[in-house]
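Before any comments, here is the structure.
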Amino acid sequence: MSHDSLEDAEPRRGMLRLGSLIGVPVYLSWSWSLIALFVVVLFGPQVQRLFPELGAGAYGIAFLYAVLLLVSVLVHELAHAASAKAFRWPTTEIVLNLWGGHTQFGNFQATPGRSLVTALSGPAANVLLALGGQLLMTQADPGGVGSLLLGIFTYANWLVAIFNALPGLPLDGGRIVESAVWAATGDQDKGTIAAGWAGRVIVLALTAGVVLVPLLQGRPPDIPLIVILVMVGYFLWSGATESIRGAQLRLRVPSLTAAQLMLPAIGLTNTATVAEVRTRPAGTLAVLVGPHGLPEAIVDESALAAVPDEDAGSVPAAAAARALTQGAMVRATDAGRPLVDRLAGVEGGEYAVLAPDGAVCGVLRQADVVEWLTTGRRR
């Protein structure tokens, strides 16, 4: 019996916990019911034509189609989890959903070879199930319901194995491209970008196969197949795009510096008046500093402008300022991953930037950092 952490014991919104296998919690998302409904509606009438004596029970057999597909996906994800555990990678959960499923890992150090082994262990498990299904089919009554279900199970596993082995992210086969580029360049993120683009090419190839080929042959495309293509194509394209964006972001992190993105600012004592703030150099923000030299607030330009001139000498600048979160400050020399970790560790969207001598020299906004990491441009 596995030991569950407190986090594992807490209910997950929209998910049913099925239990734990090889020490990994397994969850079933409500979205799986959509694919189950689709399978029942699509295949129920076909089963009824094959076995009219079943009546409405044919739809129950069709539902078993969906369950067998779910089992195939579960074994696929368990193979990922088992491989990860063999490499001592923390495996936090398995989630089965509309798109099949995914295995969630914690932080770990990977190599191209280990990443490839872990990714391809899933399709390999489905190949073994498919071969086992074919072996059992030789012993089953060829005209019975059992043979039909064995055939579906075998077909589902071949489908899951072949589809996931396609060489493009977010599919497991995308790790082939990623690992090859990673090994050649020494940079995993460059491999991820290449595999993400390969995933987009796969979507275009599937679209051509399902839509263009039938049209060129003078026959209409298969509507149920187009419905499946839309669902699968959306999943693949969005997953590939997310992989590319994430890798591009990580590639930009090393060149990120606080000095590069900060807005110029000067520090003033927290007893300064609005009139004193207004004498600062044009285009410079004002940061109010406490008696111990720690930044406390940033003067709001709109609130500053709203103070009448005749009151500027008596109104404290603190009345027109936004308080900073405690510890919301960075050094102008902070850069790369340490800077990102620092920003992530302090709540708030603004940070005072300190020069090497400890004086305030700028203001760094979290939104500017996110924009630069995401697009390479400053807001």
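Numbers at a glance
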quantity: Loop trypsin sites (Lys or Arg not before Pro), the stretch 8-94 (other Cβ atoms within 10 Å of the site Cβ: 16 or fewer; DSSP); calculated: 12, 13, 88
quantity: Calculated log₁₀ intensity ratio I(q)/I(0) where the Debye formula runs over C-alpha points of the stretch 217-342, q = 0.18 Å⁻¹; calculated: -0.98
quantity: Per residue accessible area of the stretch 271-379, 1.4 Å probe, in Å²; calculated: 52 Å²
quantity: Under Karplus coefficients 6.51, -1.76 and 1.60, residue-wise ³J(HN,Hα) of the stretch 153-165 in Hz, glycine/proline x; calculated: 4, 5, 4, 4, 6, 4, 5, 4, 5, 5, 4, 6, 7
quantity: Hydrodynamic radius (Kirkwood) for the stretch 110-192, which is based on Cα pairs only, to one decimal in Å; calculated: 14.0 Å
quantity: FRET E, pair residue 22, residue 49, Förster distance 41 Å, beta-carbon r, rounded to 0.05; calculated: 0.50
quantity: Dimensionless Rg/Rh of the stretch 295-379 - Kirkwood Rh, Rg from C-alpha atoms; calculated: 1.05
quantity: Normalised contact order of the stretch 10-82, rounded percent, pairs of Cα under 8 Å and 6 or more residues apart; calculated: 23 percent
quantity: Extreme residue, positive dipole direction of the stretch 86-209, given options 115, 150, 180 (C-beta unit charges); calculated: 180
quantity: Nearest 10 degrees, 0 to 90: helix 366-375 Cα axis against the chain principal axis; calculated: 50 degrees
quantity: Cα-derived Rg to Rh of the stretch 75-231, Kirkwood definition; calculated: 1.04
quantity: Sequence-distant residues sharing a close amide H with residue 296 (under 5 Å, placed H); calculated: 288, 289, 290
quantity: Pairwise Cα inverse-distance average, inverted: Kirkwood Rh of the chain (Å); calculated: 25.3 Å
quantity: Carbon/sulfur fraction of accessible area - the stretch 42-149, other protein chains in place, 1.4 Å, %; calculated: 65 percent
quantity: Full-stretch length increase - residue 147, residue 227 - with 0.36 nm per residue and alpha-carbon distance subtracted; calculated: 26.0 nm
quantity: Compactness of the stretch 287-327, expressed as Rg and Dmax over alpha-carbon positions, Å; calculated: 11.2, 35
quantity: Centre separation in Å (Cα based) which lies between the stretch 353-379 and the stretch 179-242; calculated: 37 Å
quantity: Mean residue ellipticity (222 nm) of the chain, computed from DSSP H runs ≥ 4 via -39,500 (n - 2.57), nearest 500; calculated: -17000 deg cm²/dmol
quantity: Karplus 3J(HN,Hα) series, Hz, for the stretch 230-246 with 6.51 cos²θ - 1.76 cosθ + 1.60 (x for Gly, Pro); calculated: 4, 5, 5, x, 4, 4, 5, 5, 5, x, 5, 4, 5, 5, 5, 5, x
quantity: Mean separation of Cα contacts under 8 Å (6+ apart) over length of the stretch 70-127, as relative contact order %; calculated: 44 percent
quantity: Area accessible to solvent at residue 231, 1.4 Å probe radius, in Å²; calculated: 50 Å²
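The values are calculated or read from the model by the stated rules, or taken from the named source; none is laboratory data. Because the structure is a prediction, the values reported are computed rather than measured. As a convention, Cβ positions derive from the backbone with ideal geometry for all residues, glycine included, and neighbour counts pool all protein chains shown. The area values use the complete protein model at the heavy-atom level, side chains included, leaving out ligands, DNA and RNA. Shrake-Rupley method; radii C 1.70, N 1.55, O 1.52, S 1.80 Å.
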